[in-house]
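> Okay, handing you the structure first.
The values are calculated or read from the model by the stated rules, or taken from the named source; none is laboratory data. Predicted, not measured: the structure shown is a model, and the values here were computed from it. Quick reminder, even Gly has a Cβ in these numbers, built from the backbone with ideal geometry, and neighbours come from all protein chains shown.
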């Protein structure tokens with residue numbers, strides 16, 4: 001009997017939702033060539049509505065790489081607060097992601113919850 | 001005073017923030033070459049309000065209270081007090097206090113051979129005077145009986161920045177999307193304000209006074225904007241935005257800055273609005289402390305000067321003043337009656353909290369186009 005010494009990385013691909021006081025959205029996290037992307041399935045902030053279809057394929061982010069236990073995308077040069085990423089995704093639990101976005105020197109933190117709904121992308 | 005014109009350096013420009021150095025990423029970066037513009041290609045097509053859209057002015061009326069997200073900061077309570085200031089112009093402002101202010105007004109104009117509505121957005125924030133002009137370019141009727149309006153940068157169009165408003169009965173959804181004046185390829189959400197209309201009677205009273213609403217220009221932009229003063233991003237040869245900037249020097253006030261920026265619709269040009277200067281008399285307990293000064297519909301304190309939390313929903317303006325100042329002037333103030341309440345932030349936590357010191361709210365009447373002053377003393381009631 002053999003045991004692998006390699007710990008498998010958690011799989012965060014799939015469908016995730018966020019629904020707060022300011023907007024609601026559903027994203028599909030996908031791995032493409034080793035990089036994490038977030039396809040927008042639907043988004044609504046009270047005025048702008050985005051619905052995924054074959055003609056309208058939009059992403060929240062692309063090109064996030066696994067690093068330091070999270071997925072991050074690099075930005076050129078650290079900010080004055082020393083943050084060298086624009087997006088950082090960290091799995092908090094099987095069904096919860098902490099999604100951090102650096103905006104104007106501040107970090108917006110949001111929790112995404114996994115959705116078990118099936119999804120279809122084009 | 002430093003004037004921002006064509007050859008100036010990069011300025012972090014804000015639609016609505018308290019000090020930004022970068023811009024929010026788009027909520028959805030489009031895939032493929034079709035969606036993302038690769039060069040500046042302004043397209044601005046005003047809505048003819050002789051056909052539809054004139055009702056935006058009426059829909060804006062009221063004291064809107066709700067929640068606000070400004071980039072990454074969430075505010076559980078926020079308010080804009082929209083009242084007419086002329087027959088075809090409605091005005092609202094956020095007064096931040098020592099940090100500055102931010103206004104958005106909507107008015108009838110002629111632009112690009114159309115009778116349409118423009119928005120004037122800007123203010124004096126962190127020492128930077130900015131005014132940007134937007135034009136109504138689309139209207140939408142949604143299935144839930146709500147109506148949607150979009151106003152885009154009057155020069156750069158939606159590629160530079162835009163604001164969206166949707167009204168559903170007494171609910172307002174107000175979002176703004178910016179691109180650092182065109183430096184980013186795609187505008188991204190910058191502000192989200194969700195609100196309910198409270199007490200429209202003050203707006204309606206102002207409407208009656210000024211004869212609002214009429215479909216007549218409050219300001220004429222039929223010749224467009226003079227390009228002489230439009231802000232041009234470094235490296236660009238032309239402006240991507242209908243934006244006017246000026247940096248505040250030691251001796252500059254909002255009047256001189258308006259002149260210096262080349263703003264075509266200065267504060268001096270606004271009818272009906274007034275000014276109120278609030279002076280405070282400090283005492284030993286509040287010396288060296290920052291303070292809030294609130295204008296509200298209801299008294300924020302009882303007769304002994306203790307704060308009444310239940311009345312805070314009636315607040316119109318809520319600036320915060322740094323400790324080194326003993327005076328603050330409200331600009332662009334709607335005439336009317338107000339309670340004035342000063343709250344010394346004794347523990348300096350930036351919030352109204354236990355231990356802060358106040359006084360019995362004072363009543364004041366503001367007449368149209370007047371500069372009024374009030375001195376608040378007896379700030380000695382510890383809450």
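> Output the number of residues of the range B:57-88 satisfying the condition of being out of contact with any helix residue (DSSP H, G or I) (no Cβ under 8 Å at 6 or more places or on another chain), more than 14 Å from chain A (Cβ to nearest Cβ) and assigned to a strand (DSSP E or B).
The number of residues fulfilling the criteria is 2.
> Yes or no: residue B:138 touching a strand residue (DSSP E or B) at 6+ places or on another chain (Cβ under 8 Å) and surrounded by 24 or more Cβ atoms within 10 Å (Cβ to Cβ)? Let's see the steps before the verdict.
Numbers: touching a strand residue (DSSP E or B) at 6+ places or on another chain (Cβ under 8 Å): yes; surrounded by 24 or more Cβ atoms within 10 Å (Cβ to Cβ): no.
No: the conditions fail for residue B:138.
> Condition (residue is part of a loop (DSSP other than H, G, I, E, B), over 20 Å from residue B:369 (Cα atoms) and not assigned by TED's automatic domain parsing to the domain that holds residue B:84) applied to the range B:269-281: is it met by at least one residue?
Scanning the range B:269-281 turns up at least one residue that is part of a loop (DSSP other than H, G, I, E, B), over 20 Å from residue B:369 (Cα atoms) and not assigned by TED's automatic domain parsing to the domain that holds residue B:84.
> Which residue is nearest to the other protein chains (Cβ to nearest Cβ), if the candidates are limited to the range A:51-64 and must be more than 11 Å from the chain's Cα centre (by Cα) and in contact (Cβ under 8 Å) with a residue 24 or more places away in the chain?
Going through the range A:51-64, the residues more than 11 Å from the chain's Cα centre (by Cα) turn out to be A:51-58.
Checking the rest, the ones that are also in contact (Cβ under 8 Å) with a residue 24 or more places away in the chain come to A:52-54, A:57.
On the way: A:52: 10, A:53: 13, A:54: 12, A:57: 5 Å.
Restricting to residues being more than 11 Å from the chain's Cα centre (by Cα) and in contact (Cβ under 8 Å) with a residue 24 or more places away in the chain, the top hit is A:57.
> Looking only at the range B:292-305, count every residue that is under 30 Å from the mean Cα position of the chain (by Cα) and either touching a residue at least 60 places away in the same chain (Cβ under 8 Å) or over 27 Å from residue B:63 (Cβ atoms) (or both) and tell me the total. Let's see the steps before the verdict.
In the first step, residues of the range B:292-305 are kept if they are under 30 Å from the mean Cα position of the chain (by Cα); the result is B:292-301.
Still in the list and also either touching a residue at least 60 places away in the same chain (Cβ under 8 Å) or over 27 Å from residue B:63 (Cβ atoms) (or both): B:292-293, B:296-297, B:299-301.
So the answer is 7.
> Evaluate the following for residue B:346: is it under 22 Å from residue B:99 (Cα atoms), touching a residue at least 60 places away in the same chain (Cβ under 8 Å) and part of a loop (DSSP other than H, G, I, E, B)?
On the way: under 22 Å from residue B:99 (Cα atoms): yes; touching a residue at least 60 places away in the same chain (Cβ under 8 Å): yes; part of a loop (DSSP other than H, G, I, E, B): yes.
Judged against the criteria, residue B:346 is a match.
> Going through the range B:74-87 one residue at a time, which ones are in contact (Cβ under 8 Å) with a residue 40 or more places away in the chain and over 14 Å from residue B:59 (Cβ atoms)?
Result: B:77, B:78, B:79, B:81, B:85, B:86, B:87.
> Is it true that some residue in the range B:89-110 is farther than 30 Å from residue B:253 by Cβ and modelled with pLDDT of 95 or more?
Looking through the range B:89-110, at least one residue is farther than 30 Å from residue B:253 by Cβ and modelled with pLDDT of 95 or more.
> Same structure again: Restrict the check to the range B:143-152 and report whether at least one residue is more than 14 Å from residue B:245 (Cβ to Cβ), touching a helix residue (DSSP H, G or I) at 6+ places or on another chain (Cβ under 6 Å) and surrounded by 23 or more Cβ atoms within 10 Å (Cβ to Cβ). Quick ask: steps written out before the conclusion?
Narrowing the range B:143-152 to residues more than 14 Å from residue B:245 (Cβ to Cβ): B:143-152.
Going one step further and asking which of them are touching a helix residue (DSSP H, G or I) at 6+ places or on another chain (Cβ under 6 Å), we end up with B:149.
Now drop any that are not surrounded by 23 or more Cβ atoms within 10 Å (Cβ to Cβ), which leaves B:149.
Yes.
> Can you tell me which residue is farthest from residue A:97 (Cα to Cα) among those in the range A:19-36 that are under 17 Å from the mean Cα position of the chain (by Cα) and facing chain B (nearest Cβ under 9 Å)?
Our first condition is that a residue be under 17 Å from the mean Cα position of the chain (by Cα); within the range A:19-36, this holds for A:19-20, A:23-36.
Filter again for facing chain B (nearest Cβ under 9 Å), leaving A:20, A:23, A:25.
Working: A:20: 15, A:23: 17, A:25: 14 Å.
Per the stated criteria, the residue is A:23.
> For residue B:156, state whether it is without any contact (Cβ under 8 Å) to a residue 40 or more places away in the chain, closer than 28 Å to residue A:108 by Cβ and crowded, with 21+ Cβ neighbours inside 10 Å.
Judged against the criteria, residue B:156 is not a match.
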